[in-house]
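Every number here is computed from the coordinates shown, using simple stated rules; none is lab data. Computed from a predicted structure; not experimentally measured. When we count neighbours, we look across all protein chains shown, and the Cβ atoms used for this are built from the backbone with ideal geometry, even at glycine.
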Amino acid sequence: MLWTKIKRTLRSGFISFWRNGYVSLAAVLIMTVTLCVIAGIMFTGAMLQSTLGNIKDKVDINVYFVKDANADDITVLSKSIQTLPQVNLVTYKSSTEALEEFRQRHQNDQLTLQALDELGTNPLGASLNIKAADPSQYESVVRFLEDKKDGSPSGAGGIIDRINYTENKQAIDALGRMIDASNRLGLIVIVFFVCVSVLITFNTIRLAIYVFREEISVMRLVGASEMYIRGPFVTVGIMYGLVSGILTLVILYPFSYWVGPVAADIGTGINLFAYYISHFGSFLLYIVGSGVVVGALSSILAIRKYLKV
C-alpha cells in the first residue's frame with residue numbers, strides 16, 4: 001500500500017513537471033545559473049588555494065652575510081640553524097657562486113655586467129638558504145636569526161648583513177586576505193542566487209498549486225492526507241533540482257576543458273579540467289545536492305503557504 005502511494009505521488013509529480021513545460025524550463029534555467037555560480041566559486045577557491053600553496057612552497061629565508069664574513073663563523077651558524085627542529089634544509093652559497101648566478105641572470109644586460117667588471121672585486125657576499133618543514137614555522141626561525149644578529153656584535157651577529165623574509169611574508173598574508181575576502185564574497189553571491197532560485201521555484205510551485213486547485217479540493221474532500229497531496233509538488237521541486245544539477249555538470253565539462261589550460265598558464269598551478277575530472281564526485285554531490293535541496297525547500301515553503309483549501 002505504501003509503495004503504491006509512493007508510485008502514484010512520483011507519477012503525479014512527473015506529469016506535473018512535463019505538463020507545465022515552459023514554467024518548468026524557466027525554473028530549471030534559473031536554478032542552473034545558481035548552480036553554475038556555486039561551481040564557479042568552487043573553481044575559484046581551488047585556484048586561490050593552489051596559488052597560495054605554490055607560493056608557500058617557494059617561500060624560504062635567505063640570510064646574506066657581509067662581504068668579509070669568516071667562513072668558519074658561517075659554518076658554525078649554519079650548523080646551529082640545522083639543529084633547529086623547524087628547519088628542513090640549509091643550503092650554503094659562496095660569494096663566487098652568487099657572482100656567477102648574478103652574471104647569468106643579467107647576461108643580456110651589458111651595462112650591468114660592464115659596471116660589475118669596473119668594480120674589479122666581487123661585491124656579493126655568501127648566503128644561506130633555509131627551508132622550513134612547514135611554512136608556519138618560518139616565524140620562529142626568523143626570530144632565532146634576529147636574536148643571533150642583534151645579540152652580539154661579533155661572531156654570528158657580526159657576519160649577518162640582512163635576512164630576507166619580510167617580503168615573502170607580506171605576499172603570503174596579502175594572498176591569504178584575498179582568499180578570505182573571496183570566500184566571503186562568494187558566500188554572499190551564493191546566498192543571493194539561492195534566494196532568487198527559491199523565489200522563482202516558490203512562485204512556480206504556487207502556480208502549479210493554483211492550476212490544480214480543483215483537484216486538490218476533491219482530494220481533500222475524499223479524505224486524502226496532506227502528505228499525499230504535497231508529495232507531487234515536492235517531487236516537482238526535486239526534479240527541478242535534479243535536472244538543473246545534471247545540466248550544470250554537463251555545462252562544466254566543456255567550460256573546464258576550455259578554461260583549464262588557461263588557468264594553469266597564468267600561474268595558479270592547477271588545471272581546472274583535470275581538477276573537475278578528479279573531483280567529479282564532489283561536484284556531483286554539491287551541485288546536484290544543492291539543486292535538490294533548493295527545489296525541495298522551495299516546494300515545501302510554497303505548499304505551507306498556499307496549500308490551504
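General observations
- FRET efficiency for the pair residue 49 and residue 89, taken as 1/(1 + (r/R0)^6) with r the Cβ-Cβ distance and R0 = 25 Å, rounds to 0.55.
- Taking a ≥ b ≥ c as the square roots of the eigenvalues of the Cα gyration tensor, segment 38-136 is oblate, since a/c reaches 1.5 or more and a/b is not larger than b/c.
- Among 277, 61, the order by Cβ neighbours within 10 angstrom, fewest to most, reads 277, 61.
- As a rough footprinting exposure proxy, the listed residues 63, 196, 292, 234 were ranked by other beta carbons within 10 Å of their own, and the order from fewest upward is 196, 292, 234, 63.
- Label-to-label distance for residue 111 and residue 199 is 6.0 nm, based on points extended 7 Å past Cα in the beta-carbon direction.
- Summarising the label geometry, the points placed 7 Å from Cα in the beta-carbon direction at residue 104 and residue 189 lie 4.2 nm from one another.
- With R₀ set to 25 Å, the beta-carbon distance separating residue 82 from residue 161 gives a calculated FRET efficiency near 0.75.
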